[in-house]
1. Name the shape class, rounded, prolate or oblate, that the alpha-carbon gyration tensor gives for the stretch 55-184, where a ≥ b ≥ c are the square roots of its eigenvalues, rounded holds for a/c under 1.5, and otherwise prolate holds if a/b is larger than b/c and oblate otherwise.
2. Suppose R0 equals 41 Å. What FRET efficiency, 1/(1 + (r/R0)^6) with r the Cβ-Cβ distance, do Ile104 and Gln20 give to the nearest 0.05?
3. With the crude spin-label approximation of a point 7 Å out along Cα→Cβ, what separation in nm comes out for Met38 versus Gln148?
4. Go through 110-116, 45-51, 165-171 and give me the packing order, highest mean Cβ count within 10 Å leading.
5. Determine the alpha carbon to alpha carbon distance for each of Lys56/Lys98; Lys49/Lys166; Lys49/Lys106 and list only those over 31 Å.
Amino acid sequence: SAPNALRAAWLQISNMTDKQGGSVLAMVAPASVANTLMKMVKQGLNPDKGQCYFIKYGKDLTLLRSYQGASVVAKRNGMIGITGTIVYQNDEFEVEVKLGRTIITKHVQKFENIDDAKIIGAYATATMEDGSVIVDLMNMSQIRKSWQQGQGEGQVHKNFPGEMCKKTVIARLCKNIINSSDDADLEEVEPYLAPMANTQQTIADKANTVPLQYESATITYEEAAV
């Protein structure tokens, strides 16, 4: 429901504060707020379900698609299902590339190899509606570089490296599927954005009032997109 998602988004944005407790809504450009809401609705994301987050970058409000949100959008673009698999040291693992497409030809994993300290990479496998299978593969060097692009390698990565590796490679494959699709799945967003047409006036009227004291939410990599 686009109207419900917009209401949830507006509530979250209105309650966002910076480290000093100032209203984020008063600091960002109104046009960036409208653009962020449009992107959210066009992708069919719902912030109440943890599918996206709002982040202040400089004077702009931006939309960050979460791991769950990436999977949702990819499924609207022909993906039936997706799985992530860890590759450990001493696994029998072979990869072949045919016409630019990665194919996992062999992966034999022994129980005793399963050790978070011995992870050497991960791959995601997506099944599409046309019956094709798409694979994306990342070694640990690539995975760690991806982590550094986000919030960095935090405690959650150290405590649950296997799960975080799978989420990272799944999110990247979903992103590739989404970026290579057309816009056939996008909703007509103008009717839903009409209530936000007066965003600038709403900010002028409300942004400088005394805000309620909410604790700022910290987005962990486990919840965020790659």
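1. Numbers: a/c = 2.22, a/b = 1.15, b/c = 1.93.
Oblate, because a/c is 1.5 or more while a/b does not exceed b/c.
2. On the way: r = 50 Å, r/R0 = 1.21.
Result of the calculation: an efficiency of 0.25.
3. 3.5 nm
4. Order by mean packing, descending: 165-171, 45-51, 110-116.
5. Numbers: Lys56/Lys98 42 Å; Lys49/Lys166 20 Å; Lys49/Lys106 37 Å.
Long pairs (Cα-Cα over 31 Å): Lys56/Lys98; Lys49/Lys106.
Every number here is computed from the coordinates shown, using simple stated rules; none is lab data. No experiment lies behind these values; they were computed from the predicted model shown. We place every Cβ from the backbone using ideal geometry, glycine too, and count neighbours over all the protein chains shown.
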